[in-house]
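Chemist: Structure incoming, see below.
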Amino acid sequence: MNNDLQALRRILTTCRTIAVVGLSAEWHRPSYFAAKYMQSHGFRIVPVNPRYVGGQVLGETCYASLSDIPFKVAMVDVFRRAEDVLPIAQQAVQIGALCLWQQLGVANPEADALARQAGLDSVTNRCVKIEHARLFGGLNWVGVNTGIISARRML
């Protein structure tokens, strides 16, 4: 698996356009929070959710499926149940994505194997936002690691 630090750092450095499958337009959903974080760090986010086709999420046009995106995306970030990932992995291979990323709590071994066999990087059961923050120093974003809660005495 490409869940080692060196591979994660390489993926997050090279894959700057991310199709987020299952991206919600609701601000309190994990997919929205993660995508907004990545967007604020210079990544282009491409929403993929049939519910919002024709509209926008985070200021970007939303598409029904990966095959509807009229330009190349480097990463396919999946916010769907594990049992829904295999057809998404197949589409990721068809569109020439470089990486299939299954979010925290999502790990479909068949999709992972398919992606790897096709030459894609594949990450499972990891949050793209958490990994980016951990590897590139963004853990202070939105109140995490700000020093507000600390074991040190404030004088």
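The values are calculated or read from the model by the stated rules, or taken from the named source; none is laboratory data. Predicted model only: the values in this text are computed from it and were never measured. For neighbour counting, all protein chains shown are included, and Cβ atoms are generated from backbone atoms with ideal geometry for every residue, glycine included.
Chemist: On the given criteria, is Gly22 more than 16 Å from Ala115 (Cβ to Cβ), among the small types (Gly, Ala, Ser) and more than 13 Å from the chain's Cα centre (by Cα)?
Modeler: Considered against the rule, which asks whether it is more than 16 Å from Ala115 (Cβ to Cβ), among the small types (Gly, Ala, Ser) and more than 13 Å from the chain's Cα centre (by Cα), Gly22 comes out as no.
Chemist: Does Ala113 satisfy being surrounded by fewer than 15 Cβ atoms within 10 Å (Cβ to Cβ), in contact with a Pro (Cβ under 6 Å, 6 or more places away or on another chain) and modelled with pLDDT of 95 or more?
Modeler: It is false that Ala113 is surrounded by fewer than 15 Cβ atoms within 10 Å (Cβ to Cβ), in contact with a Pro (Cβ under 6 Å, 6 or more places away or on another chain) and modelled with pLDDT of 95 or more.
Chemist: Within region 45-74, restricting attention to residues that are in contact with a helix residue (DSSP H, G or I) (Cβ under 7 Å, 6 or more places away or on another chain) and among the hydroxyl-bearing types (Ser, Thr, Tyr), which residue is surrounded by the fewest Cβ atoms within 10 Å (Cβ to Cβ)?
Modeler: Ser67
Chemist: For region 117-126, enumerate the residues that are in contact with a strand residue (DSSP E or B) (Cβ under 9 Å, 6 or more places away or on another chain), assigned to a loop (DSSP other than H, G, I, E, B) and either within 17 Å of Phe79 (Cα to Cα) or free of Cβ contacts under 8 Å to residues at least 12 places away in the same chain (or both).
Modeler: Once the filter is applied, which keeps residues that are in contact with a strand residue (DSSP E or B) (Cβ under 9 Å, 6 or more places away or on another chain), assigned to a loop (DSSP other than H, G, I, E, B) and either within 17 Å of Phe79 (Cα to Cα) or free of Cβ contacts under 8 Å to residues at least 12 places away in the same chain (or both), region 117-126 yields Thr124, Asn125, Arg126.
Chemist: If you don't mind, there's one more thing I want to ask. Would you mind telling me which numbered condition in (1) within 26 Å of Ser40 (Cβ to Cβ); (2) of a type in the set (Gly, Ala, Ser); (3) surrounded by fewer than 21 Cβ atoms within 10 Å (Cβ to Cβ) Ala97 fails?
Modeler: For Ala97, the failing item is (3).
Chemist: Give region 1-29 a look and list any residue that's surrounded by 16 or more Cβ atoms within 10 Å (Cβ to Cβ) and in a helix (DSSP H, G or I), or say none.
Modeler: Passing the criteria: Leu8, Ile11, Leu12.
Chemist: Name the residue that is modelled with the lowest pLDDT, counting only residues in region 30-74 that are assigned to a loop (DSSP other than H, G, I, E, B) and β-branched (Val, Ile, Thr).
Modeler: Only one residue tops the list, namely Val53.
Chemist: Follow-up question, since we're still on this one. Out of Ala82, Ala19, which single residue is over 22 Å from Arg134 (Cα atoms), in contact (Cβ under 8 Å) with a residue 24 or more places away in the chain and of a type outside the set (S, T, N, Q)?
Modeler: Of Ala82, Ala19, the one residue that is over 22 Å from Arg134 (Cα atoms), in contact (Cβ under 8 Å) with a residue 24 or more places away in the chain and of a type outside the set (S, T, N, Q) is Ala82.
Chemist: Would you mind telling me which numbered condition in (1) among the basic types (Lys, Arg); (2) under 15 Å from the mean Cα position of the chain (by Cα); (3) over 26 Å from Ser40 (Cα atoms) Arg116 fails?
Modeler: If we test Arg116 against (1) among the basic types (Lys, Arg); (2) under 15 Å from the mean Cα position of the chain (by Cα); (3) over 26 Å from Ser40 (Cα atoms), just (2) comes out false.
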